[in-house]
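Working notes for the structure below.
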Amino acid sequence: MSRLYRNRRSSTTFAALLLLLLVILAGQNTFTGFISRLFQARPSCSAMRQAVDRDKHQSLIARAAAQRGSPVRVEVSLGSYPVTAEGTLDVTLIFTNTTIGTVPFVYSGGIPINNPVPDGFGVVVGSQALPTVSAANGFLPDSNVRLLVPLQSCVEIIRFNVSQLQQFGIQPGSVVRAYYRNSNLGPVQSAGDSVYSDHGLWIGVAESRSQVVPIQATTQ
């Protein structure tokens, strides 16, 4: 037993020394940046799996979570305000499934700015309240429904050039929020052996905390 303990302790010590050597050779900033990118990398929401056969295959956990409250979280991260004519302000919307079930969400492909009416993602400038959602029951094609597996996050990045910043009145000190909204349960085309009559989409609005546009970049 003591020999096994010594072997494990030696392996741990060797791994720690190897990690220290890697930091020294690569440089602390390079190594830290690599680790940061490794854990922060998230897929695009457009790349999430498309809904298929939703009349038969759904997560009961996700459906129950959608009935109790929002199963998703929205965050926003802002890049630095451009100081040249060629620069952009990058706004990153982070969308997270907070449940241990596979959650469906509406993905329309576009992100409206200051128009919080269409279902899906959006960005607003200012502190005005977002409109409430009135439930509907219209047809929603499978191509507009994507899936997030348990606890998964995806991102959407909006890049504002100088002209667009002027168009939407965005400047240092402006307040920016991101949101996700849906008003449709999304009936599915059912057959004789169907189990579900709709996509099980959560109805409501989830919005991020307000972020102030900085000169230097901030992260959520």
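Annotation: Leu130 fulfils all but one of (1) assigned to a loop (DSSP other than H, G, I, E, B); (2) in contact with a Phe, Trp or Tyr (Cβ under 7 Å, 6 or more places away or on another chain); (3) of a type outside the set (Asp, Glu); (4) over 18 Å from Val175 (Cβ atoms); the unmet one is (4).
Restricted to the stretch 180-202, and to residues that are aliphatic (A, V, I, L, M), crowded, with 18+ Cβ neighbours inside 10 Å and at pLDDT 85 or above, which residue is nearest to Ser70 (Cα to Cα)? The selected residue is Leu201. If you filter the stretch 84-104 down to residues that are closer than 22 Å to Asn161 by Cβ and of a type in the set (Gly, Ala, Ser), you find that the one that is surrounded by the fewest Cβ atoms within 10 Å (Cβ to Cβ) is Ala85.
Residues in the stretch 133-151 that are modelled with pLDDT of 90 or more and part of a loop (DSSP other than H, G, I, E, B): Val133, Val149, Pro150, Leu151.
Here's a check for you: in the stretch 56-74, which residue that is among the β-branched types (Val, Ile, Thr) and outside any helix (DSSP H, G or I) is nearest to Gln152 (Cα to Cα)? Only one residue fits best here, namely Val72. No other residue among Tyr107, Tyr81 is more than 18 Å from the chain's Cα centre (by Cα) and surrounded by 20 or more Cβ atoms within 10 Å (Cβ to Cβ) apart from Tyr81.
The values are calculated or read from the model by the stated rules, or taken from the named source; none is laboratory data. Small disclaimer: the values here were computed from a predicted structure and weren't measured. As a convention, Cβ positions derive from the backbone with ideal geometry for all residues, glycine included, and neighbour counts pool all protein chains shown.
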